[in-house]
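Nothing in this text is a laboratory measurement; each read-out follows from the coordinates by a stated rule. In this text, all values refer to a predicted model and were calculated from it rather than measured experimentally. Cβ placement follows ideal geometry from the backbone for every residue including glycine, while neighbour counts extend to all protein chains displayed.
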Amino acid sequence: MVNGKSIEEMSRREIAKKMGYVPQSTHQVFPNTVFDVILMGRRPHFAWKCNEKDIEKVLETLKMLGIENLAMRDITELSGGQQQKVFIARALAQEPEILLLDEPTSNLDIKHQLEVMNIIKSITNERGITAIMAIHDLNLASRYADRVIMMHKGRIFAVGSPEEVLTPENIREVYGVEAEVLCGKDGKPLILPIRPYY
């Protein structure tokens, strides 16, 4: 359901206008310029060819993510962190209400993980977009999420703020790990895994 309407009752174009998708960082991309990859995100908004507004939206998105210098580069030549920014830009070019992200920090080093998460947090706050993210890094979830849904065996195990959900008891039950949960400098839970729980 999106805003009370079943997605089964919506056309693919309607869904694409409502939701933008950012896949896991992947090297399975086909050669294309960064500009054209982001322009693909505008596809739900035009019939046969793009117009000036679509071009402006791509330029605006490139600038927002600080990747204007990559516009004419081949996406296959970019680092994992750069590619992930391009995928985020493509989703944002759709002008969605909801951003779906599948492990957006996988295969990224610490610096690029923080850059990507800061971009997502900043954009969702500025534009009032809802971001729904699948992520395994509990510390990133703690630091950036307003609400956490902890899954276990394909079902919802716990829902709430990071403080409510990311407890030693829940981590033990769901992940089979003994962990210490401290209060970080930002007031968010800081998870320190200690050992497997048997």
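Structure values in brief
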| read-out | value |
| --- | --- |
| Using a Förster distance of 25 Å, the FRET efficiency for ASN69-LEU100 (Cβ separation, nearest 0.05) | 0.35 |
| Distance-filtered residues of the stretch 118-150 - backbone nitrogen under 18 Å, label point 7 angstrom along LEU182 Cα→Cβ | 138-144 |
| Packing-based order for 120-133, 185-198, using average beta carbon neighbours within 10 Å, highest first | 120-133, 185-198 |
| Compactness of the chain, expressed as Rg and Dmax over alpha-carbon positions, Å | 18.6, 60 |
| Potential lengthening between ASP137 and LEU59 on full extension [0.36 nm per residue; Cα-Cα distance subtracted] | 24.9 nm |
| Charged-residue dipole, Cβ positions (Lys, Arg, Asp, Glu), the chain about Cα centre, Debye nearest 20 | 340 |
| Linear extension gain, THR76 paired with CYS50, 0.36 nm per residue minus alpha-carbon span | 7.0 nm |
| Amide N proximity, the stretch 53-72 versus ASP36 label position 7 Å along Cα-to-Cβ, cut-off under 15 Å | 71-72 |
| Lys/Arg +1, Asp/Glu -1 at C-beta; the chain dipole; positive extreme among TYR21, MET151, THR124 | TYR21 |
| D (Stokes-Einstein, µm²/s), Kirkwood Cα radius, the stretch 146-198, 1.306 mPa s at 10 °C | 139 |
| Residues ARG13, ARG73, ARG155 arranged by fewest to most Cβ contacts within 10 Å | ARG155, ARG13, ARG73 |
| Karplus-derived HN-Hα couplings along the stretch 90-99 (A = 6.51, B = -1.76, C = 1.60, θ = phi - 60°), whole Hz, x at Gly and Pro | 4, 5, 5, 4, 5, 6, x, 8, 10, 10 |
| Listed peptides 156-165, 30-39 by packing density, highest first (mean Cβ within 10 Å) | 30-39, 156-165 |
| Farthest toward positive dipole pole in the chain [+1 Lys/Arg, -1 Asp/Glu at C-beta], among GLY41, GLY80, LEU166 | GLY41 |
| Candidate lysines - alpha carbon under 29 Å from LYS57, same-chain residues fewer than 8 apart omitted | LYS5, LYS17, LYS18, LYS49, LYS85, LYS111, LYS121 |
